[in-house]
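A short worksheet on the structure shown next.
Just so it is clear, none of the values below were taken in a lab; they were calculated from the coordinates. On a predicted model such as this, the values are computed, not experimentally measured, just so you know. FYI the Cβ positions are ideal-geometry reconstructions off the backbone, even for glycines, and counts take in every protein chain you see.
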Amino acid sequence: MSEFADIARNKNRLRAACKDLSVEQMQTMADNLAEFVSKRAEEEAAAQAAMAEQVAKKQEILAAMRAAGLSPEDFAAEEAPVKVKKPRKPVAAQYRVTDANGEAHEWSGRGRTPKVFQAYFDNGGSKDSCRI
């Protein structure tokens with residue numbers, strides 16, 4: 001909590017803080033504080049009215065649901081339809097490289113470059129030279 005609030009809540013600390021102020025200064029502070037209090041009271045009353053209106057609307061909806069023979073559990077039990085992902089067709093290989101062991105490696109050219117192909121490219125090979 002702020003220092004102001006601590007001082008304002010304790011009568012003796014407030015008296016000590018205001019001892020050097022004139023009556024006019026204290027009256028101005030009191031007027032400003034009264035204005036802030038009235039604005040806060042209006043805001044809280046508006047918030048309570050909005051809350052009461054929301055509760056009334058909820059009760060009205062629940063009553064309509066009961067009249068229709070439904071309960072909130074009927075809506076909670078329903079799940080959203082599950083989207084089924086179709087498997088993608090495999091892409092044909094476009095590149096082929098033979099490594100030092102004589103093993104052939106194929107790559108479609110999509111996605112991350114495999115290590116065997118990256119090593120081939122780093123040693124001066126090109127994509128065009130290993131195209132199928």
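Key figures for this structure:
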{"item": "Estimated [θ] at 222 nm from DSSP helical runs (n ≥ 4, -39500 (n - 2.57)) normalised by residues in the chain, nearest 500", "result": "-18000 deg cm²/dmol"}
{"item": "Descending principal axes extents, segment 3-76, alpha-carbon based, whole Å", "result": "71, 20, 14"}
{"item": "Residue-span extension gain [residue 70 to residue 52] - 0.36 nm each, minus C-alpha spacing", "result": "4.1 nm"}
{"item": "GluC sites (Glu not before Pro) restricted to DSSP loop in segment 1-90 with at most 13 other C-beta within 10 Å", "result": "78, 79"}
{"item": "Cα-centre dipole for segment 3-76 with unit charges at Cβ (Lys and Arg positive, Asp and Glu negative), debye to 20", "result": "320"}
{"item": "Unit charges on C-beta of K, R, D, E only; dipole of the chain, Debye", "result": "840"}
{"item": "Residue among 87, 4, 75 farthest towards the positive dipole end of the chain, charges placed on Cβ", "result": "87"}
{"item": "Gyration tensor (alpha-carbon) shape descriptor, the chain, a/c threshold 1.5", "result": "oblate"}
{"item": "Within the chain, longest stretch free of exposed trypsin sites (Lys or Arg not before Pro) [DSSP loop, at most 10 other beta carbons within 10 Å]", "result": "20-82"}
